[in-house]
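Asker: Sharing a structure, written as structure tokens. Questions coming.
The values are calculated or read from the model by the stated rules, or taken from the named source; none is laboratory data. Being a predicted model, the structure only gives us computed values, none of them experimental. Note that each Cβ is placed from the backbone with ideal geometry, even for glycine, and that neighbours are counted across all protein chains shown. Ligands, DNA and RNA are stripped out before the accessible areas are found, and what is left, the full protein with its side chains, is counted by its heavy atoms. Shrake-Rupley method; radii C 1.70, N 1.55, O 1.52, S 1.80 Å.
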Amino acid sequence: MTKSHLMLTAAATLLLRACAKKAPGTQQHFATAVGAPNTTVYFDTDQYDIDAEDSAKLQTQARYFAQYANVTFTVEGHADERGTREYNLALGERRANAAKNYLVGLGIPAERIRTISYGKERPVALGSDEGSWAQNRRAATVVIN
């Protein structure tokens, strides 16, 4: 093979990989389609209720999942670092289920939605301050297939 042929092959491979990541049913496609901030809902301290801002985000997600009916996904519940491990796992579960139940109420079949709680084990912000805690009190939607 010539050098130019190798370069074209490498470029084509990179392009195919980039396209595959943006294909429907991937996390990247989901985040692009709904807007990355709309993949996660946030909660107040010790809360798991869906407020108006969360509702709008979940409605956006529901439109995506209604359009791509073969896509399954997980709602991950998270908590900030305060509280015991057990308490935060239970709170994360309530948050994940609150988001799931809202999506089911919008017509997304429950069989397509898995939930998991990570409690305080997977923070996105590592600080011990209100700003960091607020980022960690969340339910994040992650595409499986």
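Asker: Among the candidates Ala56, Ala66, Ala90, which residue alone is of a type in the set (A, V, I, L, M, F, W, C) and under 19 Å from Asn145 (Cα atoms)?
Answerer: Details: Ala56 fails: under 19 Å from Asn145 (Cα atoms); Ala90 fails: under 19 Å from Asn145 (Cα atoms).
Of the residues listed, the single one that is of a type in the set (A, V, I, L, M, F, W, C) and under 19 Å from Asn145 (Cα atoms) is Ala66.
Asker: Quick check on the range 93-145: of everything there that is farther than 16 Å from Arg82 by Cα and among the small types (Gly, Ala, Ser), which residue is nearest to the chain's Cα centre (by Cα)?
Answerer: Ala140
Here's the yes/no breakdown for (1) touching a Gly at 6+ places or on another chain (Cβ under 7 Å); (2) of a type outside the set (D, E, K, R); (3) at pLDDT 95 or above:
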site	(1), (2), (3)
Gln61	no, yes, yes
Ala66	yes, yes, yes
Val75	no, yes, yes
Arg82	no, no, yes
Arg85	yes, no, yes
Asn88	yes, yes, yes
Arg95	yes, no, yes
Lys100	no, no, yes
Gly107	no, yes, yes
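Asker: OK, next. For the range 80-117, name all the residues that are in contact with a Ser or Thr (Cβ under 8 Å, 6 or more places away or on another chain) and small (Gly, Ala, Ser).
Answerer: Ala90, Gly92, Ala96, Ala99
Asker: Would you mind listing the strands (runs of 3 or more DSSP E) fully within the range 36-145 where at least 2 residues are among the aliphatic types (A, V, I, L, M)?
Answerer: 113-119, 138-143
Asker: I've got another one for you. What is the residue count in the range 106-131 for residues that are of a type outside the set (Lys, Arg) and open to solvent by less than 70 Å² (accessible area, probe 1.4 Å)? It would help to see each step written out before you state the result.
Answerer: First, the residues of the range 106-131 that are of a type outside the set (Lys, Arg): 106-111, 113, 115-119, 121, 123-131.
When the remaining residues are screened for being open to solvent by less than 70 Å² (accessible area, probe 1.4 Å), the result is 107-110, 113, 115-119, 123, 125, 127, 131.
Total satisfying the criteria: 14.
Asker: Would you mention how many residues in the range 18-61 are of a type in the set (Asp, Glu) and without any contact (Cβ under 8 Å) to a residue 40 or more places away in the chain?
Answerer: Residues in the range 18-61 being of a type in the set (Asp, Glu) and without any contact (Cβ under 8 Å) to a residue 40 or more places away in the chain: 2 in total.
Asker: Can I ask one more? Tally the residues that are over 11 Å from the mean Cα position of the chain (by Cα), surrounded by fewer than 13 Cβ atoms within 10 Å (Cβ to Cβ) and of a type in the set (Gly, Ala, Ser), restricting the search to the range 36-55.
Answerer: Going through the range 36-55 one residue at a time, the tally reaches 1.
Asker: Only one of these conditions is not met by Lys100: (1) surrounded by fewer than 15 Cβ atoms within 10 Å (Cβ to Cβ); (2) charged (D, E, K, R); (3) over 23 Å from Leu126 (Cα atoms). Which number is it?
Answerer: If we test Lys100 against (1) surrounded by fewer than 15 Cβ atoms within 10 Å (Cβ to Cβ); (2) charged (D, E, K, R); (3) over 23 Å from Leu126 (Cα atoms), just (1) comes out false.
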